[in-house]
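Read the structure below first, then the notes.
Throughout, read-outs are computed from the coordinates displayed, never taken from laboratory work. This one's a predicted model, so the numbers in the text were calculated from it and none came from an experiment. Here the Cβ positions follow ideal geometry from the backbone for every residue, glycine too, while neighbour counts run over all protein chains shown.
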Amino acid sequence: EMQVVESGGGLVQAGGSLRLSCAASGGSLRDYSIGWFRQAPGKEHEAVSCVDRQDLSLYNAGPAEGRFTFSRDNAGNTVYLQMNSLKPEDTAVYYCAADPTTYGIPRSYDYWGQGTQVTVSS
């Protein structure tokens, strides 16, 4: 059974960096399109960075562009979101999602992690 889990969140000061990790059991993330999402209190769930299965297509939300970077490890078992120059408005619960869509960015995702809290202090 496919299961996704995120880690790497925490409390950082504005301007600092965090690297979020996403791993899976029951399957390899190499076989999945990946999306990073976040939700802050009182705000709507939003996409941050979404990548297709072949890492050929990439969507970055405006606030993430130039600051957040998606990557996979060599085996493709772990996915990372490197977040630099963090701002207080980046504070949110961050989610990793996976979908077996063969080509392109998925319209929806079958598997979701439990979320990891990122808090950025001013």
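Within region 69-87, whose backbone N sits under 20 Å from a point 7 Å along Cα→Cβ of residue 114?
Counting backbone N atoms under 20 Å from the label point, the list is 78-81.
Tell me the trypsin sites (Lys or Arg not before Pro) within region 14-96 that lie in a loop according to DSSP and have at most 14 other beta-carbon atoms within 10 Å.
Passing both the DSSP loop test and the Cβ count: 43.
Only loop residues by DSSP count here, and only those with at most 16 other Cβ atoms within 10 Å; note down the chymotrypsin sites (Phe, Trp or Tyr not before Pro) in region 19-48 that meet that.
none
Which value, in debye to the nearest 20, gives the size of the charge dipole of region 1-64 about its Cα centre, when Lys and Arg are +1 and Asp and Glu are -1 at the Cβ?
180 debye
Pairs of alpha-carbon atoms within less than 8 angstrom and 6+ residues apart define the contacts here; what relative contact order does the chain have, in percent?
It rounds to 36 percent for the chain.
Near residue 72, within a Cβ-to-Cβ distance under 9 Å, what is the net charge of the other residues, with Lys and Arg +1 and Asp and Glu -1?
Result for the local shell: -1.
Considering the chain, which cysteines have no disulfide-compatible partner, defined as another cysteine with its Cβ under 4.7 Å away?
Here 50 come out as lacking a disulfide-compatible partner, given the Cβ-Cβ threshold of under 4.7 Å.
Go through region 92-122 and name the chymotrypsin sites (Phe, Trp or Tyr not before Pro) that are in a DSSP coil and have 11 or fewer other Cβ atoms within 10 Å of their Cβ.
Listed in order of number, the matching sites are 103.
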